[in-house]
Structure formats: structure tokens, C-alpha cells
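Report on one structure; see the data block that follows.
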Amino acid sequence: MARVITTVRRAALLFCLLLAVPALAQKPVFTVGWSIYAGWTPYHYMQKSGLLKKWADKYGITIKVQRFDYAPSLDAFVGRNIDACTMTNMEALDMPAASGVPTTVILIGDYSNGNDALLVRGGLQMKDLVGHKMLLVEKTVSEYLFDRALTLNSLRDQIKQVRMINTSDSDIQSAFISDSSVSAVVTWKPMLSQLAQQKAVTSLFNSAQIPGEILDLTVVRTEVLDRPDGSGQKFAKALAGAWYEMMSLMSAQGPAADKVLTSIAEGSGDSLASYKEQLSTTKMFYQPQSAMQFGQSPDLKQKMALVRQFCFDHGLLGKNIGSVDDVAIHYPDGTVQGKADRVRLKFDTAYMEMAAQNKL
């Protein structure tokens, strides 16, 4: 009888070990969210081509990619449903900060150099917008761009007199075209390109007039990056490696490069010509050195100071925020804008630097 019990115990132990093997062998899984924009659609190709898988395999992890509308991507990030996300510098600061989610920038992809704009119908001028309806995605850089447009034209006191209507990026193009009572729209390409072609529609202001203020980033929740097992670091390295291989393919010349760009454009339902037009107003940091240098420059601090103040003035930094310094930004040189114990956004150029030095 004792032998039988021992045999049963051994069998049970072996069974438990067999069940444990897949769990032990399972790779850490991370998810990146992206939405349609010239500087973010490369994630479509990175997934489709196997670039991300190649780099994820190198670091022994699994990377999944999920496409969203823009605002839902931010909600998914803040809700901890995804680990990394493409977003602008403003949303990287205000959305996670307002929810108490510290965020780290690991890739500075580009800045909008005409990709975002304020369009109007019927020859309206900036001073004429009072009382008119305007479509935009609220609490995003579209609202920031509009604020800057009024400020630079000494009309900021009129901002509350414009009838701003919150409209998702997936609906904004059709909503503006179908409703002639809407006088203005603030949006980004590719939607912007289609709307600019409409009859009697003109551009009053665009992001080329505020270069470097609307940055397009890949960010990771800081808690993910700081995982004790080191998997978060591997995730960031894999993303950086895949990203700069992608940038090398995009910045090449000739038919091979056009084939890559065509495949990227498919991610947003665009043609090659349309996607190239979008890239013409996007200041891409194709080289990791240039991205790293921008991330370490005093210029970044100056521009982020404007963004941070805008977020505070519009109540976007969360409840019970009594001062702009209650939400701080940490820079690569160790300096902090705001209170050192209240850092909610960190710029980390380490991964861009590793890419520049071929150490990924």
C-alpha cells in the first residue's frame, strides 16, 4: 500500500511539474497601442512585416500591436490595458498625470510641421470665430493648437466664445463635410488633407508656425519600464531596435523605399502619394542621434513649459492641482520642471542613445 501511495504522489508531482513548464516558459507579453497619424502608422508595417517580432524574439518577449482611435488609445493606456502607446507630448503629460499614471518617453519620433491645422469656411478670419461652431478632439493638441493660434494673434480672451464641439478623429472629416453650419475645424493629417480640398475651405493656422511644440512620441508606463524582472527594459529596447530599423527603411530612396511606404500607408487606407504628402509636413527624426539631441536640448524644456502651462490653465492636470509645479517633468540631464517629488512625465533618451551607438 505504501508503494502505491508513493507512486501516486510521484505521478501527481510529475503532473504538476508538467503543468508548470508552459507557465515557466511563457514569454512576457506587452501591448503597444497606436492611432492613425503619419508618424505612428509605421507601427502597422512593423507588425505586418515581422520587424517587431524579430526584435521581440531577440529579447525573449512578445509584443502585440493594437490600433485605436486616438482618444480611446489614451484611455486604454491610462486604464493600464496597454503598456505603451503613441501620443503627443501634451497627452503624455496631461492624460496619465490626471489619473496618477507616471509615464516615460522612450522614443521621440517627430514633430508636427504642418500636419495639424485650423481650417475655416467662407473666408472667415481669426477674429471672426466668436459664436461659430468648431469641431476638434477636445483635450488634445488640437485644442492646444487653437489656443496658440489665438494667443499669437492676441485673441486668446475670445477662446471661450467659440462653440467647440468634441468630435472623434474617426468622425471629424465626415462631420465637417456634411454639416455646413460648422464654420471651423482643427484636426491632423490625413483627415486634414481631405478637408483642405473642400470648396471655400482655407487654413488659418498650422503647426509649422509653432515648430517642435507638438511632438509625436512612443511612451511606456513607468511602472512597466521599472519591472523588477527587467522585462520592461527589454520591451523598450525591442521597440527602439524595431523603430530605428523601420526609420532606416522609410528614409531610403528608390523603389524599395516606395514599396515600404506604400505598405505603411495601407495602415491608414492611404495611397503612396497621400502618405508622402503627410510626411512632407512631418519633421521625422529618422536618425536616433537627431532624436536624442532634441530630447537633450534646452529647446525641449522651453516648449514643454508652454505645454505644461496650457494644461494647467485648462484644468487638464487633474483635480486638486493648485500649481503648475504640482505636475513635474524630468529631463535626461536630471533637471526637473516642477516639484521633484511630483514627477509625472520623464524623457528618457537612453534607448535612442543605445540605438545611435548600435548597442541594442
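The values are calculated or read from the model by the stated rules, or taken from the named source; none is laboratory data. Keep in mind it's a predicted model, so treat the numbers as computed, not measured. Glycine also receives a Cβ, built like all others from the backbone with ideal geometry; neighbour counts cover every protein chain displayed. Just the protein is used for accessible areas: all its heavy atoms, side chains included, with ligands, DNA and RNA removed. Shrake-Rupley method; radii C 1.70, N 1.55, O 1.52, S 1.80 Å.
Some points to look at:
- For the range 207-234, a tally of residues being surrounded by fewer than 20 Cβ atoms within 10 Å (Cβ to Cβ) and outside any helix (DSSP H, G or I) returns 7.
- For the range 155-178, the count of residues that are open to solvent by 10 Å² or more (accessible area, probe 1.4 Å), in a strand (DSSP E or B), without any contact (Cβ under 8 Å) to a residue 40 or more places away in the chain and β-branched (Val, Ile, Thr) is nonzero.
- Residue match in the range 303-311 (condition: open to solvent by 50 Å² or more (accessible area, probe 1.4 Å), under 23 Å from Ala97 (Cβ atoms), out of contact with any Pro (no Cβ under 9 Å at 6 or more places or on another chain) and not hydroxyl-bearing (Ser, Thr, Tyr)): yes
- Picking from residues in the range 140-154 that are among the hydroxyl-bearing types (Ser, Thr, Tyr) and assigned to a helix (DSSP H, G or I), the one that is most open to solvent (accessible area, probe 1.4 Å) is Thr151.
- In the range 28-43, the residues that are over 20 Å from Thr187 (Cβ atoms), in contact (Cβ under 8 Å) with a residue 60 or more places away in the chain and touching a Lys or Arg at 6+ places or on another chain (Cβ under 9 Å): Pro28, Phe30, Val32, Tyr43
- Members of the range 179-193 that are out of contact with any Asp or Glu (no Cβ under 9 Å at 6 or more places or on another chain) and surrounded by fewer than 24 Cβ atoms within 10 Å (Cβ to Cβ): Asp179, Ser180, Ser181, Val182
- Residues that are surrounded by 15 or more Cβ atoms within 10 Å (Cβ to Cβ) and farther than 25 Å from Gly212 by Cα within the range 259-294 comprise Val260, Thr262, Ser263, Glu266, Gly267, Asp270, Leu272, listed in sequence order.
- For the range 38-49, filtered to residues that are touching a strand residue (DSSP E or B) at 6+ places or on another chain (Cβ under 6 Å) and in a loop (DSSP other than H, G, I, E, B), the residue that is surrounded by the most Cβ atoms within 10 Å (Cβ to Cβ) is Ala38.
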